[in-house]
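Note sheet for the following structure.
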Amino acid sequence: MATTIVIDPVTRIEGHLKIEAVVDGGVVKEARSSGTLWRGIEQVLQGRNPLDAQRITQRICGVCPSAHSTASTLNLDSAFGIADQIPHNGRVLRNLIFGSNFIQSHILHFYHLTALDYVDVTAVAGYRGNDPHLNQVADFIGRGSLGPFVPRYEGDYRLPKAVNIEATKHYVQALDMRRVSQEMLAIFGGHMPHNMSIVPGGCTEQVSVDKIADFRWRLEKLRYFIDNVYLADVIAVAEVYSDYFGIGGGTDNFMAYGVFEMDNEPDLTKRARMFPGGRVNIKNLKPQTLDPSKITEDVRHSWYSSESHLHPSKGDTVAAPGKNGAYSWLKSPRYDGDVYEVGPLSRQLNAYVQGVEPTVSLVNDTLGHFKAGPGALQSTLGRHAARAIECKIVADAMAEWLLELKPGEPSCAVYDIPDEGEGMGITDAPRGALGHWVSVKGKKIANYQAVVPTTWNGGPRDDKGQPGPFEQAMEGTRIKDAKNPFELVRIVRSFDPCLACAIHVVDGKKNDLGKFVVS
Ligand code: NFE
Ligand code: MG
């Protein structure tokens, strides 16, 4: 007899995601991913000064605001016609700010959003010893303050007690590491969340030797943690839960827009980026090109009455709560009508098939360690491994970028806002391909659309009925215990869902000043 498993909410932070899975004979026959929180940004931007975009779109999310500041700024660079004029320091500073956010976000995801699916924190309950981190956790549990650790499932915690205790210590240490990363970002970004310095034309922050030194010691602390703790913990988990290299695969298509600017080429599909843009099908591993004109968003199964299958430059967002057949506030982005997964795994796969180092060596080393082929990457653990590898590559690259800064030289171009312009800002956020599109008329924003990583991964079925990446990853999964569906939360969390980002649209109306306000 079929039963339906409902998990709501799934995410430990980052918004409201509901998962429904119909299980028959112990196997998921049909899965639905549903964003249930109505919020947003796009229409708020209409009629405003284009320079507000960087400020306002960062408020989409406190986890990846640097991603939205980067996408909105690339968008305005392109609409203003200044994408080829970013000074050297401006380009490098943007990469350093965004890189700090990547590191923080990947550490957050592994330790605070997913590790407790694998690590049994109750192993620390009786701890009495000299480690202040563990004493803190034991006190927490002793007082019954279980907030960050529950609800949880039971029955499939497999690590030895000593490893559970050590990993819990790292859980607390990772909070410190995230603080260090946020401080590092703030040296050049002003503050975190919502940096003040990434702007069209470059970066407002000036480079000085003392700021470089301040940044450097923090980065070295983080590199030590990533190399010796984060990577080691991912491998320790993967060794004991190795069946998850074969669980949670999903779609065969992987896309990246590319991230970390290496030159000032104005066409973002041709710009040199540390992680390149592209598409790849895991079954043939051949690099394919990316044409952003083929991106559309379907809304047949979303609570919107606006037209479906529009390119984001023409996108529209009219809320229709209760719409027949709809089950999510997320739209369904598609490339040429096809479903694509985005995220660290997509980025590293695209870099891998394009022969980019050190991705090729690190991926091959990891696959060699587990005696697996590239197909194993299309899985729950493949996503964790790709994210950890990526975190190391970004941190190591940042040490090089820091040396490229030129104290005393300019970091921002001078420009005028044009009367008219069309912009596109495509980049990769920690959770995957992120695009902002703008239309400027009379020096004001006429239309603004964002298509966000978790919208790609977590969207509902499209106009053709094709399930989204979360849904495909769950379908066909064998569930050992329907009362403790570890498989489903492990699969979905491996994508690192952020519903705050994914649902960024808003209902509202213009006020007397002609500004859009939330109703
Ligand atoms: Ni709110 Fe975000 C990232 C973006 S994910 S975290 O990374 O863009 O949809
Ligand atoms: Mg949108």
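Observations on the model:
- Residue in the stretch 224-247 that is among the charged types (D, E, K, R), open to solvent by 10 Å² or more (accessible area, probe 1.4 Å) and either in a loop (DSSP other than H, G, I, E, B) or under 20 Å from residue 93 (Cα atoms) (or both) present: no
- Residues that are farther than 30 Å from residue 196 by Cα and among the β-branched types (Val, Ile, Thr), drawn from the stretch 1-53: 3, 4, 5, 6, 7, 10, 19, 22, 23, 27, 28, 36
- Residue satisfying all of: in the stretch 427-476; within 16 Å of ligand 2 (Cβ to nearest atom) and aromatic (Phe, Trp, Tyr); surrounded by the most Cβ atoms within 10 Å (Cβ to Cβ) among these: 456
- Residue that is farthest from residue 37 (Cα to Cα) [pool: residues in the stretch 302-313 that are part of a loop (DSSP other than H, G, I, E, B) and either charged (D, E, K, R) or open to solvent by 30 Å² or more (accessible area, probe 1.4 Å) (or both)]: 311
- Residue 356 being assigned to a helix (DSSP H, G or I), away from ligand 1 (no atom under 16 Å from the Cβ) and at pLDDT 95 or above: no
- Residue 496 satisfies every condition listed in (1) buried (at least 22 other Cβ atoms within 10 Å of the Cβ); (2) at pLDDT below 60 except (2).
- The one condition from (1) out of contact with any Ser or Thr (no Cβ under 6 Å at 6 or more places or on another chain); (2) in contact (Cβ under 8 Å) with a residue 40 or more places away in the chain that residue 471 does not meet is (1).
- Residues of the stretch 183-192 that turn out to be surrounded by 18 or more Cβ atoms within 10 Å (Cβ to Cβ) and assigned to a loop (DSSP other than H, G, I, E, B), as a count: 1
Condition check ((1) over 17 Å from residue 383 (Cα atoms); (2) modelled with pLDDT under 95; (3) not hydrophobic (A, V, I, L, M, F, W, C)) across all residues:
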site	(1), (2), (3)
241	no, no, yes
245	no, no, no
253	no, no, yes
261	yes, no, yes
271	yes, no, yes
277	yes, no, yes
291	yes, no, yes
297	yes, no, yes
301	yes, no, yes
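- Among the criteria (1) in a loop (DSSP other than H, G, I, E, B); (2) buried (at least 16 other Cβ atoms within 10 Å of the Cβ); (3) among the hydrophobic types (A, V, I, L, M, F, W, C), the one residue 285 does not fulfil is (2).
- Residue 329 satisfies every condition listed in (1) away from ligand 1 (no atom under 16 Å from the Cβ); (2) open to solvent by 20 Å² or more (accessible area, probe 1.4 Å); (3) closer than 12 Å to residue 459 by Cα except (1).
- The lone exception for residue 137 - which of (1) touching a residue at least 40 places away in the same chain (Cβ under 8 Å); (2) buried (at least 20 other Cβ atoms within 10 Å of the Cβ) it fails: (1)
- Filter pass, residue 417 being touching an Asp or Glu at 6+ places or on another chain (Cβ under 6 Å), open to solvent by 10 Å² or more (accessible area, probe 1.4 Å) and of a type in the set (A, V, I, L, M): no
- Qualifying residue in the stretch 290-297 (condition: among the small types (Gly, Ala, Ser), more than 30 Å from residue 398 (Cα to Cα) and within 16 Å of ligand 2 (Cβ to nearest atom)): no
- The helices (runs of 4 or more DSSP H) falling completely within the stretch 1-115 that include 3 or more residues that are crowded, with 18+ Cβ neighbours inside 10 Å, away from ligand 2 (no atom under 16 Å from the Cβ) and not charged (D, E, K, R) map to 65-80, 88-107.
- Filter pass, residue 200 being more than 28 Å from residue 7 (Cα to Cα) and either without any contact (Cβ under 8 Å) to a residue 12 or more places away in the chain or crowded, with 16+ Cβ neighbours inside 10 Å (or both): yes
Residue-wise test of (1) assigned to a loop (DSSP other than H, G, I, E, B); (2) in contact (Cβ under 8 Å) with a residue 60 or more places away in the chain; (3) of a type in the set (Val, Ile, Thr); (4) surrounded by fewer than 19 Cβ atoms within 10 Å (Cβ to Cβ).
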site	(1), (2), (3), (4)
144	yes, no, no, yes
158	yes, yes, no, yes
181	no, yes, no, no
205	yes, yes, no, no
212	no, yes, yes, yes
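Here is a yes/no grid of residues against (1) away from ligand 2 (no atom under 15 Å from the Cβ); (2) closer than 16 Å to residue 448 by Cα; (3) under 22 Å from the mean Cα position of the chain (by Cα):
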| position | (1), (2), (3) |
| --- | --- |
| 300 | yes, no, no |
| 303 | no, no, no |
| 312 | no, yes, yes |
| 324 | yes, no, no |
| 328 | no, no, yes |
| 332 | no, no, yes |
| 335 | yes, no, yes |
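The values are calculated or read from the model by the stated rules, or taken from the named source; none is laboratory data. Quick caveat: nothing in here was measured; it's all calculated off a predicted structure. Methodologically, a virtual Cβ is constructed for each residue, glycine included, from the backbone with ideal geometry; neighbour enumeration extends over all protein chains shown. With ligands, DNA and RNA removed, areas are computed over all heavy atoms of the protein, side chains included. Shrake-Rupley method; radii C 1.70, N 1.55, O 1.52, S 1.80 Å.
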